[in-house]
Amino acid sequence: MFIFANIMANDNKLQNLIGHCKEYGFVFPSSEIYEGLSAVYDYGQYGAELKKNIRDYWWRSMTQMYDNIVGIDASIFMHPTVWKASGHIDNFSDPMIDNKDSHKRYRVDHLIEGFAETLTIENAEIVLASMDKLLAANDFTGLKQLIEEKNITCSVSGTCNWTDVRQFNLMFATEIGSVADEANVIYLRPETAQGIFVNFLNVQKSGRMKIPFGIAQTGKAFRNEIVARGFIFRMREFEQMEMQFFVRPGTQKEWYEFWKEARMKWHLSLGIAASKYRFHDHVKLAHYADAACDIEYDFPMGFKEVEGVHSRTDFDLKSHQEYSGKKLTYFDTDINQHYIPYVIETSIGLDRTVMMVLSEAYEEEDLSTDDKQDSRVVLRFPPMLAPIKLAILPLTKKDGLPEIARFLINQCKPHFKCFYEEKDSIGKRYRRQDALGTPFCITIDHQTKDDQTVTIRYRDSMVQERIALNEVKNLIMDKIQMFP
Ligand code: ATP
């Protein structure tokens with residue numbers, strides 16, 4: 001009963017969050033006036049700022065805080081052979097199953113996981129362990145048997161009338177040039193990583209990089225996800241933030257552990273409690289990996305992957321060397337040896353991180369007192385990530401107060417994003433800023449004209465205090481620093 005109540009509460013939270021994101025300009029369904037496009041979303045004016053701030057924080061955490069990591073920006077289109085060499089043409093597929101009555105297609109692991117969520121913890125663990133074993137062995141007959149044995153039904157038809165389990169490639173293909181024949185097929189990249197591998201030597205040589213070193217990149221990736229649900233958690237067009245770290249063969253285990261820990265520290269630096277994260281070690285390793293884990297966050301739908309840390313061996317560089325016929329070795333002057341480096345990858349979804357930050361920040365707070373019912377929706381973003389850092393609010397539209405507010409904005413806006421508003425009561429304006437996640441509001445009132453002080457109001461505590469007008473800019477700059 002308790003579990004059921006919890007699921008309902010979380011379900012409501014997700015629905016409320018989605019509604020809030022739309023109402024306040026964070027995330028809109030794509031092409032909404034045409035009824036939307038499944039699993040494709042647009043970021044609105046505040047969502048785009050939030051997303052950009054998260055991207056910047058990741059980018060600077062990698063390329064500024066580590067002096068042996070550099071960033072690149074490779075294109076989305078790549079030579080088609082890249083995807084042959086990377087294994088995506090042959091292996092980038094998920095086992096799927098169709099319900100014969102509803103014709104609805106499911107990813108097999110999602111179908112079984114969904115079923116497991118309805119069981120007690122012990123029984124769920126047994127079912128998931130069987131699934132992991134069958135997936136690891138690519139035993140599709142066994143997976144179908146498991147689904148039938150457990151009488152797992154389709155949510156639409158309610159029947160257990162399934163097709164065989166089949167593989168389905170997730171890459172989007174299109175054509176380059178004007179002639180539509182086989183030779184012109186080109187793919188939208190399903191991950192950003194390959195843009196790093198094919199540029200490994202360019203960066204290493206032009207940047208005179210010495211191993212160990214990393215190459216970071218953020219950018220769009222595309223996957224024809226079959227079951228696309230969970231708001232911006234699983235999309236067909238999304239953004240990744242990936243870093244490939246090139247190491248000497250034999251040292252990959254140590255570096256894998258290093259990056260697991262470093263990435264978890266990054267997550268905790270977002271002010272999110274350690275209890276909201278967990279590692280999930282992969283049982284079925286991808287064709288390129290010798291170790292891999294996910295960092296999972298406790299989303300409103302439960303613990304789900306937000307980032308992967310993968311020890312990719314020398315698979316990618318070796319394979320590109322083979323397919324391209326170009327040598328991709330590195331000469332290690334410390335040991336006088338040529339070798340193909342091993343790679344540790346950290347791969348985090350930007351949109352999933354946006355969703356994590358939103359889920360974490362969203363709170364419906366009851367502020368009722370004995371004599372008054374009251375509540376607010378507040379987004380408690382870490383100040384460094386908030387779309388608007390400072391709202392500047394003159395108490396009235398007259399008496400020279402807007403002029404002082406404009407003076408303050410002009411002082412602050414070269415340094416951080418400000419927002420000006422003079423409509424509505426001050427209480428209403430504060431609540432609107434709470435809903436946008438603005439950590440600080442400054443109110444200019446008549447006293448400001450006399451003593452050059454203003455009221456600062458803190459979003460989280462709602463505490464208000466007076467400070468000097470000329471201290472505002474430095475105070476806010478201090479509070480929004482990414483690396484204090
Ligand atoms: P999943 O098992 O959820 O499909 P994955 O293991 O295939 O994810 P990776 O290939 O490791 O994911 O990609 C790295 C990261 O990219 C993921 O941790 C996730 O944050 C993000 N990502 C992957 N697919 C999507 C998607 N369809 N929509 C949004 N983000 C995604």
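The values are calculated or read from the model by the stated rules, or taken from the named source; none is laboratory data. It should be emphasised that the depicted structure is a prediction, and the values quoted were computed from it without experimental measurement. Using ideal geometry, Cβ is built from the backbone for each residue, glycine included, and neighbour counts are taken over all protein chains shown. All accessible areas refer to the heavy atoms of the entire protein, side chains included, with ligands and DNA or RNA removed. Shrake-Rupley method; radii C 1.70, N 1.55, O 1.52, S 1.80 Å.
A few comments on the model shown:
- Residue 267 open to solvent by less than 30 Å² (accessible area, probe 1.4 Å), more than 16 Å from the ligand (Cβ to nearest atom) and either free of Cβ contacts under 8 Å to residues at least 12 places away in the same chain or not in a strand (DSSP E or B) (or both): no
- Restricting the range 291-302 to residues that are under 14 Å from the mean Cα position of the chain (by Cα) and more than 7 Å from the ligand (Cβ to nearest atom), the residue that is most open to solvent (accessible area, probe 1.4 Å) is 298.
- For the range 197-214, the criterion of being within 16 Å of the ligand (Cβ to nearest atom), part of a loop (DSSP other than H, G, I, E, B), charged (D, E, K, R) and more than 14 Å from residue 106 (Cα to Cα) is met by no residue.
- Any chance residue 335 is surrounded by fewer than 19 Cβ atoms within 10 Å (Cβ to Cβ) and either touching a residue at least 40 places away in the same chain (Cβ under 8 Å) or in a strand (DSSP E or B) (or both): yes
- Listed by first and then second residue, the pairs with beta-carbon distance under 8 Å, at least 6 apart or on different chains, first residue in the range 426-449 and touching a residue at least 60 places away in the same chain (Cβ under 8 Å), second among the hydroxyl-bearing types (Ser, Thr, Tyr), are 435/24; 436/24; 436/46; 437/46.
- Restricting 310, 320 to those that are open to solvent by 10 Å² or more (accessible area, probe 1.4 Å), within 16 Å of the ligand (Cβ to nearest atom), more than 30 Å from residue 439 (Cβ to Cβ) and in the same structural domain as residue 46 (by TED's automatic domain parsing) reduces the list to 310.
- Pick from the range 96-112, criterion more than 24 Å from the chain's Cα centre (by Cα) and either assigned by TED's automatic domain parsing to the domain that holds residue 215 or not in a loop (DSSP other than H, G, I, E, B) (or both), ranking: farthest from the ligand (Cβ to nearest atom): 99
- Residue list for the range 331-357, filter: of a type in the set (S, T, N, Q) and either within 8 Å of the ligand (Cβ to nearest atom) or closer than 30 Å to residue 297 by Cα (or both): 346, 347, 353
- Applying the criterion of being part of a helix (DSSP H, G or I) and acidic (Asp, Glu) to the residues of the range 226-258, the residue that is farthest from the ligand (Cβ to nearest atom) is 254.
- Single residue of 429, 406, 466, 376 found to be buried (at least 17 other Cβ atoms within 10 Å of the Cβ) and among the basic types (Lys, Arg): 429
- On inspection, residue 315 passes the criterion of being open to solvent by less than 60 Å² (accessible area, probe 1.4 Å), aromatic (Phe, Trp, Tyr) and more than 26 Å from residue 55 (Cβ to Cβ).
- Residue match in the range 362-377 (condition: away from the ligand (no atom under 16 Å from the Cβ), touching a residue at least 12 places away in the same chain (Cβ under 8 Å), within 21 Å of residue 305 (Cα to Cα) and among the hydrophobic types (A, V, I, L, M, F, W, C)): no
- For the range 96-124, filtering for residues that are open to solvent by 20 Å² or more (accessible area, probe 1.4 Å) and touching a Leu at 6+ places or on another chain (Cβ under 9 Å) leaves 2.
This table checks each residue for (1) aliphatic (A, V, I, L, M); (2) under 30 Å from residue 334 (Cβ atoms); (3) in contact with a Gly (Cβ under 8 Å, 6 or more places away or on another chain).
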{"residue": "146", "(1), (2), (3)": "yes, no, no"}
{"residue": "150", "(1), (2), (3)": "no, no, no"}
{"residue": "158", "(1), (2), (3)": "no, no, no"}
{"residue": "166", "(1), (2), (3)": "no, no, no"}
{"residue": "172", "(1), (2), (3)": "no, no, no"}
{"residue": "176", "(1), (2), (3)": "yes, no, no"}
{"residue": "195", "(1), (2), (3)": "no, yes, yes"}
{"residue": "216", "(1), (2), (3)": "yes, yes, yes"}
{"residue": "226", "(1), (2), (3)": "yes, no, no"}
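- Looking only at the range 215-225, and only at residues there that are open to solvent by 20 Å² or more (accessible area, probe 1.4 Å) and part of a loop (DSSP other than H, G, I, E, B), the one that is farthest from the ligand (Cβ to nearest atom): 224
- Some residue of the range 148-156 being crowded, with 16+ Cβ neighbours inside 10 Å, in contact with a helix residue (DSSP H, G or I) (Cβ under 7 Å, 6 or more places away or on another chain) and hydrophobic (A, V, I, L, M, F, W, C): yes
- Selected residue (only one of 363, 421, 403 is out of contact with any helix residue (DSSP H, G or I) (no Cβ under 8 Å at 6 or more places or on another chain) and assigned by TED's automatic domain parsing to the domain that holds residue 454): 403
- Candidates are the residues of the range 162-178 that are β-branched (Val, Ile, Thr) and out of contact with any helix residue (DSSP H, G or I) (no Cβ under 8 Å at 6 or more places or on another chain); the one that is least open to solvent (accessible area, probe 1.4 Å) is 163.
- Looking only at the range 409-426, and only at residues there that are touching a Lys or Arg at 6+ places or on another chain (Cβ under 7 Å) and in a helix (DSSP H, G or I), the one that is most open to solvent (accessible area, probe 1.4 Å): 411
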